[in-house]
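The block underneath contains the structure these notes are about, expressed in structure tokens.
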Amino acid sequence: MCKLRYLAPLIAALYFLPASAIDKDDLAKYHAKIVGMSIDENIEHPDIPKKHIEETKRRMASMQASLNTNSFKTERKERDGMVVMVTIPTASLFENNDTIVAAKGVNILHTLSRYMKVPDKYKVLVTVHSDDTGTKNYLYGMTQQRAEAIVDFLEDQGVAEGGILPYGVGNDERLSKDSTRKERAKDRRVEIYFVPGPILIENVKAGRP
């Protein structure tokens, strides 16, 4: 009886290990595959079994509620509510025309990094958008450098490499065709997608938190 009492915490700890059922080689293949995918392709991948969709939605809704508590602007429109998108004004993270995360953005990204501590629980897509001020090549280059700067910062905070991907979008997805200062400010934004990753999906299948 005493032995069982001491074994119980160990059994419980093993039960809740997030990556216990996923082979390292499978994760390596997953990482290699998603690097070559577009934003839209990554949002739709990986597949989630139909019988686990509602539980996945519930968990993503809970994650969204937590982000909202930390004052992040969020929405769940992609994949019928299974993807959480966080929107941050570019001016909150970078100085004008700069590609290095500014001091004012440190606390924001540090708080966000707490949701990425479990490797591959979420696939994280960092997409950076601009207004139409500048040439196409310049805007693509600047937004890509900013996306990579955000990813580098998050990895420095302890976020594991592989499941977080940078995308510079330039001005291809403007929110308005107006060129007023107010509308251009809306276009300059960072959208960070949290997509259910292989660990979260495996946990849902196994009934683990």
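The numbers here are math on the coordinates, done by the rules we state, and not lab data. Being a predicted model, the structure only gives us computed values, none of them experimental. Every residue, glycine as well, gets a Cβ built from its backbone with ideal geometry; the counts of neighbours run over all protein chains shown.
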- The lysines whose Cα lies under 23 Å from the Cα of LYS182, excluding any fewer than 8 residues away in the same chain, are LYS73, LYS104, LYS136
- Query: Amide H to amide H, which residues 5 or more places from TYR122 or on other chains are under 5 Å from it, using H placed in the peptide plane?
  - Reply: GLY197
- Which ³J(HN,Hα) values in Hz, rounded to whole numbers, follow from the phi angles of the range 185-199 under the Karplus curve 6.51 cos²θ - 1.76 cosθ + 1.60, where θ = phi - 60° and Gly and Pro get x? 4, 5, 5, 7, 8, 10, 10, 10, 9, 9, 9, x, x, x, 6
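How much length is gained on full extension from SER92 to LYS136, taking 0.36 nm per residue of separation minus their Cα-Cα distance? Please list the in-between numbers first.
Values: separation 44, 0.36 × 44 = 15.84 nm, distance 2.31 nm.
Once the chain is fully extended between SER92 and LYS136, it gains 13.5 nm.
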- Per 10 Å bin, what is the whole-percent P(r) computed from every C-alpha pair distance within the range 22-206? 9, 37, 36, 15, 3, 0
- Task: Count the DSSP beta bridges whose two residues both fall in the chain, then state the antiparallel fraction as a percent rounded to the nearest 5.
- Result: 75
- Message: Running a GNM on the chain with Cα contacts under 10 Å, which residue among GLY36, GLY162, GLY81 ends up with the highest mean-square fluctuation?
- Response: GLY36
- Item | the chain - percent relative contact order, Cα under 8 Å, separation 6 or more | 27
- Query: How large is ³J(HN,Hα) for each residue in the range 114-121, as worked out from phi by the Karplus curve 6.51 cos²θ - 1.76 cosθ + 1.60 (θ = phi - 60°), to whole Hz, x for Gly and Pro?
  - Reply: 5, 7, 10, 6, 8, x, 6, 5
- Normalised by the residues of the range 131-209, what does the relative contact order come to in percent, with Cα pairs under 8 Å and at least six apart? 31
- Rounded to the nearest 500, what is the chain's calculated 222 nm mean residue ellipticity when only DSSP H runs of at least 4 contribute -39500 (n - 2.57) each, over all residues? -14500 deg cm²/dmol
- Query: If the cut-off is 27 Å between C-alpha atoms, which lysines fall inside it for LYS24, apart from same-chain ones fewer than 8 positions away?
  - Reply: LYS33, LYS50, LYS51, LYS57, LYS117, LYS121, LYS123, LYS205
- Could I have the simple spin-label model distance between VAL106 and ARG208, label points 7 Å from Cα toward Cβ, reported in nm to one decimal? 3.5
- GNM on the chain, Cα springs under 10 Å; top mean-square fluctuation among LEU139, LEU175, LEU93 goes to LEU175
- Phi angles of the range 149-161, converted by Karplus (6.51 cos²θ - 1.76 cosθ + 1.60, θ = phi - 60°) into ³J(HN,Hα) in whole Hz with x for Gly and Pro, give 5, 5, 4, 4, 4, 5, 5, 5, 7, x, 6, 5, 6
